[in-house]
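Working notes, beginning with the structure itself.
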Amino acid sequence: MQIEKEENEVRRKKETDSVRLVDGGSRCAGRVEVLHDGQWGTVCDDSWDKSHAAVVCRELGCGEAVDAKSSAYFGPGSGPIWMDDVGCSGSESTLKSCTSQGWGKHNCGHSEDAGVICSGEVRLVGGSRCSGRVEVLHGGTWYTVCDADFDQQDAEVVCRELDCGLHC
């Protein structure tokens, strides 16, 4: 059983080794970068929306898409711009499964690098993007957080994690 679990983790790591989020303060937020031909490069924000962000979040195991960012929100990248005019329905398992102009074909600069904010291992349910019942992701399942001993400091951590300001 342990060997199977380790093999699944290795397989998952290999699958997620082709996309990463950079300069967002956590592994589940940042500028989108993809690995192609052994080199990391960015993704242009043309047509970039929450359906694209959902694919990235899913691929990284980072929960749900909270926001899709444009205009180098997390700072401009460097190196190649690998993808432009990305087309995702939102159900793809990897960003590379989405359509684009082709590797390295683009009409943008790093001031247009795409970014993503994922819920990570926390989300709010039954309200708006920045209000609701707190749930955490554990072992692939979402669980409600008990309010016993949940205080203002805990709430502020959740709000920051979801990019909802200090108080949500």
> Which of the residues spanning region 38-79 are over 27 Å from Glu121 (Cβ atoms), surrounded by fewer than 17 Cβ atoms within 10 Å (Cβ to Cβ) and not hydroxyl-bearing (Ser, Thr, Tyr)?
Replying inline: Gly38, Gln39, Pro76, Gly79
> Are any residues in region 5-37 open to solvent by 70 Å² or more (accessible area, probe 1.4 Å), at pLDDT 95 or above and over 16 Å from Lys69 (Cβ atoms), and if so, which ones?
Replying inline: none
> Taking region 108-151, which residues are closer than 30 Å to Gly41 by Cα and over 18 Å from the mean Cα position of the chain (by Cα)?
Replying inline: Cys108, Gly109, His110, Ser111
>> Can you tell me how many residues within region 144-167 are more than 21 Å from Leu21 (Cβ to Cβ), open to solvent by 50 Å² or more (accessible area, probe 1.4 Å) and out of contact with any strand residue (DSSP E or B) (no Cβ under 6 Å at 6 or more places or on another chain)?
In response: 11
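For region 88-148, please list each of the strands (runs of 3 or more DSSP E) lying entirely inside it that holds at least 2 residues being in contact with a Ser or Thr (Cβ under 9 Å, 6 or more places away or on another chain) and of a type in the set (A, V, I, L, M).
Once the strands (runs of 3 or more DSSP E) in region 88-148 are filtered for at least 2 residues that are in contact with a Ser or Thr (Cβ under 9 Å, 6 or more places away or on another chain) and of a type in the set (A, V, I, L, M), what remains is 122-125, 133-138.
Can you tell me how many residues within region 108-159 are free of Cβ contacts under 8 Å to residues at least 24 places away in the same chain and either within 30 Å of Ile81 (Cβ to Cβ) or polar (S, T, N, Q) (or both)?
5
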>> Taking the condition of being acidic (Asp, Glu) and closer than 23 Å to Glu64 by Cβ, how many residues in region 79-105 meet it?
In response: 1
> Among Gly132, Gly126, Gly140, which is out of contact with any His (no Cβ under 8 Å at 6 or more places or on another chain), modelled with pLDDT of 90 or more, among the small types (Gly, Ala, Ser) and loosely packed, with under 11 Cβ neighbours inside 10 Å?
Replying inline: Gly126
> Which of the residues spanning region 66-82 are within 19 Å of Thr99 (Cα to Cα), of a type in the set (A, V, I, L, M, F, W, C) and within 16 Å of the chain's Cα centre (by Cα)?
Replying inline: Ala68
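The values are calculated or read from the model by the stated rules, or taken from the named source; none is laboratory data. Just so it is clear, the model here is predicted, and its values are computed rather than measured. Positions of Cβ are backbone-derived with ideal geometry, glycine not excepted, and every protein chain shown enters the neighbour counts. Ligands, DNA and RNA are stripped out before the accessible areas are found, and what is left, the full protein with its side chains, is counted by its heavy atoms. Shrake-Rupley method; radii C 1.70, N 1.55, O 1.52, S 1.80 Å.
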